[in-house]
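Asks: Quick one: this structure, given as structure tokens, is what I'll be asking you about.
No value in this document is a laboratory result; all are computed from the given coordinates. These numbers were taken from a predicted model, which means no experiment stands behind them. No Cβ is skipped: glycine too gets one built from the backbone with ideal geometry, and neighbour counts run over all protein chains shown.
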Amino acid sequence: MPSDLLRITAWIGRFLLNHSLVRKSKRYNAFVLIAEETLVAQLKQKDSQNQAFEFLVETYKERLYWHIRRIVLDHHDTDDVLQNTFIKIYRNIDGFKGESKLYSWMYRISTNEALSFLKTKSKKLGIPNETLLERTAGNLQEDVYFEGDTIQLQLQKAIATLPEKQKLVFNMKYFEELKYEEIAEILDTSVGALKASYHLAVKKIETLLKTTN
Amino acid sequence: MNLNKINNPFKIPDGYLDGLSAELKDAVSLEDTIGGSNEAFQVPEGYFDSLNAKISTAISKEQVRVLPIRSITFQQKYLAAASVAVIFILVSFAVLLTKSPITGKEMSFEDLASSEIEYYFEFNELDISTYEIAEMIPLEQVEITDIIDSPFREEQVLDYLNTNIEDFEDLNLENDE
């Protein structure tokens, strides 16, 4: 019976996550809150933990993958970071107090994991973090998992030159279409500061794209 | 029915309309420059289908294996006693080795030069992020004087922050970590 319940919740959850119109409704938010509470409780119980975790991975794997991919850019690096993120979530779920939403907490872990990964990688290569990202973005043309046209390539190169926070905000707002309130919870900052960061990021990207064209 | 006579029950957040035009301008001008580019990043075929199994394997590797408790046989008692004896001998040997060959005194953490400790942190890959360090060392128990010997004034700190920190939000540590 619990497995049937999880399967139904998983189906509804995925349906809601994949429909942007539903995502904006109040009923969706209420459902997410209830579903999250149930899920967290099941994740903390030994007998339902494995099934609940499978549901969690199934529901969030794609969103977290794309969030990490836009930070580290390379597919194989993203795969490593994503696995580490889910391992951390599994290990630390008992410490999740519900002060923030579950997905914000997971996004925060994945962001920290991705940024730590980049710092470790640049340290190993003996180059600054910024150089590593600009180099990775510059090599996207040769990446078999990148099929962008010239403008998309230039856009990624321009994003790579942004300061860390502006880059995170730009990706989350422009590509992931998260609301400022959601980004504020994930990055633990104010909506006003985020709007300013996004505005600055847009201006810099526009200037860079116009000068390269 | 005169609609103007009815008070408007709907509210909007303070300053919403002030910021709206700037936001729209950003969105439109960006769309003009980029031309509404679609997703350029790709994933290998079937990657997401195999991901669950991959993560389950990674987690089961991480978990410590727990052996069931069984009744202790004579042979196990003998093995346990032998292990205790071996540990005792090894510990005694280790204590003898930690004594300095010059002074004959027992060596401790205080005997290490600061330069040796700094060298260790500089040249060993510790792979610990700042928030992992924050998790291990509760900040409430740490005073600034525990780290820095020479005292400094509040104005000096503010001067430093004004000159060196671009974004004050970066100084906040995340919650729930």
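Asks: With the Cα gyration tensor of region A:117-180 giving a ≥ b ≥ c as the square roots of its eigenvalues, does the rule (a/c under 1.5 for rounded; else a/b larger than b/c for prolate; else oblate) give rounded, prolate or oblate?
Replies: The shape class here is oblate.
Asks: Given a Förster radius of 35 Å and the C-beta distance between A:Thr212 and A:Thr120 as r, what FRET efficiency does 1/(1 + (r/R0)^6) yield to the nearest 0.05?
Replies: Values: r = 31 Å, r/R0 = 0.88.
Calculated transfer efficiency: 0.70.
Asks: Report ³J(HN,Hα) in whole Hz for each residue of region A:151-162, in order, from the Karplus equation J = 6.51 cos²θ - 1.76 cosθ + 1.60 where θ = phi - 60°; Gly and Pro get x.
Replies: Listing the rounded values in order: 5, 5, 5, 5, 4, 5, 5, 5, 4, 5, 8, 6 Hz.
Asks: Next question, about the same structure. Whose amide H sits under 5 Å from the amide H of A:Phe146, counting only residues 5 or more places off or on another chain, with H placed in the peptide plane?
Replies: B:Gln42
Asks: Past 23 Å, Cα to Cα, is the threshold; run A:Lys173/A:Lys203; A:Lys46/B:Lys77; A:Lys46/B:Lys54; A:Lys44/A:Lys97; A:Lys44/A:Lys179 against it and keep the listed order. If you can, show how the numbers build up before the last one.
Replies: Numbers: A:Lys173/A:Lys203 14 Å; A:Lys46/B:Lys77 33 Å; A:Lys46/B:Lys54 21 Å; A:Lys44/A:Lys97 11 Å; A:Lys44/A:Lys179 29 Å.
The pairs that break the limit, which is 23 Å between Cα atoms, are A:Lys46/B:Lys77; A:Lys44/A:Lys179.
Asks: Which links in A:Lys61/A:Lys124; A:Lys165/B:Lys25; A:Lys119/A:Lys167 stretch past 18 Å when you go from one Cα to the other?
Replies: A:Lys61/A:Lys124; A:Lys165/B:Lys25
Asks: Which whole-Hz couplings ³J(HN,Hα) result when phi for each residue of region A:109-116 is put into the Karplus expression 6.51 cos²θ - 1.76 cosθ + 1.60, θ = phi - 60°, listed in order with x for Gly and Pro?
Replies: 4, 5, 4, 4, 4, 5, 5, 5
Asks: Once both labels are modelled 7 Å past Cα along the beta-carbon direction, what's the A:Arg135-B:Thr145 spacing in nm?
Replies: Going from the A:Arg135 label point to the B:Thr145 one covers 4.6 nm.
Asks: Another question, then. Find, to one decimal place in angstroms, the Kirkwood hydrodynamic radius of region A:57-132, where the mean of 1/r is taken over every pair of different Cα atoms and then inverted.
Replies: Here the Kirkwood hydrodynamic radius works out to 12.9 Å.
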